[in-house]
Amino acid sequence: MNDNSLAIEGKVTQRQDLWWLEPLLVVLVLGGFVVYATWAALQNAHYYVAPYLSPFYSPCLSANCAHLTLPLIGSWWNLSPAILILWIPAGFRVTCYYYRKAYYRSFLGSPPACAVRDIAKTYTGETRFPFVLQNIHRYFFYLATLVVIFLWWDAILAFRFPDGLGVGIGTLVLLGNAFLLSLYSFSCHSCRHLCGGSLNTFSKAPARYGIWRVVSRMNEHHMLCAWISLIWVALADLYVRLLSMGVITDVRLF
């Protein structure tokens, strides 16, 4: 398709395929996740049932937590402890290079798809507020790494039941959550740059070059990791929530 086909009066595009399907799916899935995560974070209930802690509330930083992880905040905090921590993974995903592409196209129509006219009449990119703040992504990566460490600790604690060591379905759910979020975090462009982006000569740093190659291979699947980890973390919270509410029963494998 050439540029002349886009200049026809009244035409947004002459594409005949279902170009709108991908942006629509992003709106539904990403929008649905935001709604669910916000609702779950504000509940301040049903986020812990021994030995499982919802990833939306990890690490628990306030003294009013049902499961204390790191009580840095005193009893004066009477709101949901999820509010103290969810801004980190939220900021990491909002500023993520892939998610920026996804929600710019789907929610802002900039552009909705290749060879489709932008919704906005002007284009400023990320040069103006608030989009200029996207540059802090690398710092959210450092904070998100700390959260991932705590999620792995929660996965380890998920083996410790009140009656001793064991493995339940919830154990596997939290293990899978920590693993998938690790893949998403460490396949990040900022992680790749941290490993090898500042090197002028790879031969002088063979260890960092090896790590950079591994992260680069992971980065090729960053989009897939982004969506799978997003859906899984919501399902992990839902699993713990339903257990706590007594809707379902955890199955002990051994």
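Looking at region 13-25, is at least one residue hydrophobic (A, V, I, L, M, F, W, C) and under 30 Å from residue 243 (Cα atoms)?
Residues of region 13-25 that are hydrophobic (A, V, I, L, M, F, W, C), as a first pass: 18-21, 24-25.
Those left that are additionally under 30 Å from residue 243 (Cα atoms): 25.
Scanning region 13-25, I find at least one residue that is hydrophobic (A, V, I, L, M, F, W, C) and under 30 Å from residue 243 (Cα atoms), so the answer is yes.
Within the bounds of region 60-67, is there any residue that is under 21 Å from residue 185 (Cβ atoms) and crowded, with 17+ Cβ neighbours inside 10 Å? Lay out the reasoning, then the answer.
Step one: of region 60-67, the residues under 21 Å from residue 185 (Cβ atoms) are 60-61.
In the following step, the residues that additionally are crowded, with 17+ Cβ neighbours inside 10 Å were identified as 60-61.
Yes, some residue in region 60-67 is under 21 Å from residue 185 (Cβ atoms) and crowded, with 17+ Cβ neighbours inside 10 Å.
Please verify whether region 5-19 includes one or more residues that are among the aromatic types (Phe, Trp, Tyr) and modelled with pLDDT under 90.
Just the residues of region 5-19 that are among the aromatic types (Phe, Trp, Tyr), to begin with: 19.
This time we only want the ones that are modelled with pLDDT under 90, so: 19.
There is at least one residue in region 5-19 that is among the aromatic types (Phe, Trp, Tyr) and modelled with pLDDT under 90.
Residues to consider are 205, 144, 115; find the one that is of a type outside the set (Lys, Arg) and either touching a Phe, Trp or Tyr at 6+ places or on another chain (Cβ under 7 Å) or at pLDDT 95 or above (or both). Spell out the reasoning first.
On the way: 205 fails: either touching a Phe, Trp or Tyr at 6+ places or on another chain (Cβ under 7 Å) or at pLDDT 95 or above (or both); 115 fails: either touching a Phe, Trp or Tyr at 6+ places or on another chain (Cβ under 7 Å) or at pLDDT 95 or above (or both).
The match here is 144.
Would you say residue 93 is at pLDDT 95 or above and not hydrophobic (A, V, I, L, M, F, W, C)? Before you say what the answer is, go through the steps one by one.
Details: at pLDDT 95 or above: yes; not hydrophobic (A, V, I, L, M, F, W, C): yes.
For residue 93, the condition - at pLDDT 95 or above and not hydrophobic (A, V, I, L, M, F, W, C) - is met.
Does residue 49 meet the test of being under 19 Å from residue 241 (Cβ atoms) and exposed (fewer than 15 other Cβ atoms within 10 Å of the Cβ)? It would help to see each step written out before you state the result.
Working: under 19 Å from residue 241 (Cβ atoms): yes; exposed (fewer than 15 other Cβ atoms within 10 Å of the Cβ): no.
In short, no.
Has region 197-214 got any residue that is in a helix (DSSP H, G or I), of a type outside the set (A, V, I, L, M, F, W, C) and in contact with a Lys or Arg (Cβ under 9 Å, 6 or more places away or on another chain)?
In the first step, residues of region 197-214 are kept if they are in a helix (DSSP H, G or I); the result is 197, 202-204, 206-214.
With of a type outside the set (A, V, I, L, M, F, W, C) added as a condition, the list becomes 197, 203-204, 206, 208-210, 213.
Checking which are in contact with a Lys or Arg (Cβ under 9 Å, 6 or more places away or on another chain) leaves us with none.
There is no residue in region 197-214 that is in a helix (DSSP H, G or I), of a type outside the set (A, V, I, L, M, F, W, C) and in contact with a Lys or Arg (Cβ under 9 Å, 6 or more places away or on another chain).
If the requirement is being without any contact (Cβ under 8 Å) to a residue 40 or more places away in the chain and of a type outside the set (D, E, K, R), which of these qualifies: 59, 111? Break it down stepwise before answering.
Values: 59 fails: without any contact (Cβ under 8 Å) to a residue 40 or more places away in the chain.
Selected residue: 111, the only one of 59, 111 that is without any contact (Cβ under 8 Å) to a residue 40 or more places away in the chain and of a type outside the set (D, E, K, R).
How many residues does region 136-163 hold that are among the aromatic types (Phe, Trp, Tyr) and outside any helix (DSSP H, G or I)?
Within region 136-163, residues that are among the aromatic types (Phe, Trp, Tyr) and outside any helix (DSSP H, G or I) number 2.
Regarding region 72-79, can at least one residue be identified that is surrounded by 15 or more Cβ atoms within 10 Å (Cβ to Cβ) and within 27 Å of residue 233 (Cβ to Cβ)? Explain how you work it out, then say what you get.
Restricting attention to region 72-79, the residues satisfying the condition of being surrounded by 15 or more Cβ atoms within 10 Å (Cβ to Cβ) are 73, 77.
Of the ones still in play, those that are also within 27 Å of residue 233 (Cβ to Cβ) are 73, 77.
For region 72-79, residues surrounded by 15 or more Cβ atoms within 10 Å (Cβ to Cβ) and within 27 Å of residue 233 (Cβ to Cβ): present.
Answer with yes or no whether residue 161 is touching a residue at least 60 places away in the same chain (Cβ under 8 Å), over 25 Å from residue 101 (Cα atoms) and surrounded by fewer than 19 Cβ atoms within 10 Å (Cβ to Cβ).
Values: touching a residue at least 60 places away in the same chain (Cβ under 8 Å): yes; over 25 Å from residue 101 (Cα atoms): yes; surrounded by fewer than 19 Cβ atoms within 10 Å (Cβ to Cβ): yes.
Against the criterion (touching a residue at least 60 places away in the same chain (Cβ under 8 Å), over 25 Å from residue 101 (Cα atoms) and surrounded by fewer than 19 Cβ atoms within 10 Å (Cβ to Cβ)), residue 161 qualifies.
Please find, within region 215-254, the residue that is farthest from residue 173 (Cα to Cα) out of those that are part of a helix (DSSP H, G or I) and in contact with a strand residue (DSSP E or B) (Cβ under 6 Å, 6 or more places away or on another chain).
Residue satisfying both the conditions and the ranking: 244.
Which of the following residues is free of Cβ contacts under 8 Å to residues at least 12 places away in the same chain and surrounded by 14 or more Cβ atoms within 10 Å (Cβ to Cβ): 139, 104?
Values: 139 fails: surrounded by 14 or more Cβ atoms within 10 Å (Cβ to Cβ).
That would be 104, the only listed residue that is free of Cβ contacts under 8 Å to residues at least 12 places away in the same chain and surrounded by 14 or more Cβ atoms within 10 Å (Cβ to Cβ).
Within region 114-123, identify whether any single residue is touching a residue at least 60 places away in the same chain (Cβ under 8 Å), among the β-branched types (Val, Ile, Thr) and under 30 Å from residue 239 (Cβ atoms), and answer yes or no.
no
Give the residue that is surrounded by the most Cβ atoms within 10 Å (Cβ to Cβ), with candidates limited to residues of region 220-254 that are touching a residue at least 24 places away in the same chain (Cβ under 8 Å) and of a type in the set (Gly, Ala, Ser).
236
Pick out the one residue from 94, 116, 49 that is over 22 Å from the mean Cα position of the chain (by Cα) and closer than 29 Å to residue 180 by Cβ. Walk me through it before giving the result.
Numbers: 94 fails: over 22 Å from the mean Cα position of the chain (by Cα); 116 fails: closer than 29 Å to residue 180 by Cβ.
Matching residue, one of 94, 116, 49: 49.
Quick one: in region 164-174, which of the residues that are of a type in the set (A, V, I, L, M) and not in a helix (DSSP H, G or I) is surrounded by the most Cβ atoms within 10 Å (Cβ to Cβ)?
Going through region 164-174, the residues of a type in the set (A, V, I, L, M) turn out to be 165, 167, 169, 172-174.
Now restrict to residues that are not in a helix (DSSP H, G or I): 165, 167.
Values: 165: 9, 167: 15.
Out of the qualifying residues, it is 167.
Touching a residue at least 60 places away in the same chain (Cβ under 8 Å) and exposed (fewer than 15 other Cβ atoms within 10 Å of the Cβ): does that describe residue 96? Walk me through how you get there before you give the answer.
On the way: touching a residue at least 60 places away in the same chain (Cβ under 8 Å): yes; exposed (fewer than 15 other Cβ atoms within 10 Å of the Cβ): no.
No.
The values are calculated or read from the model by the stated rules, or taken from the named source; none is laboratory data. What you are looking at is a predicted structure, and each value in this text was computed from that prediction instead of being measured. Cβ: placed from backbone, ideal geometry, glycine included. Neighbour counts: every protein chain shown.
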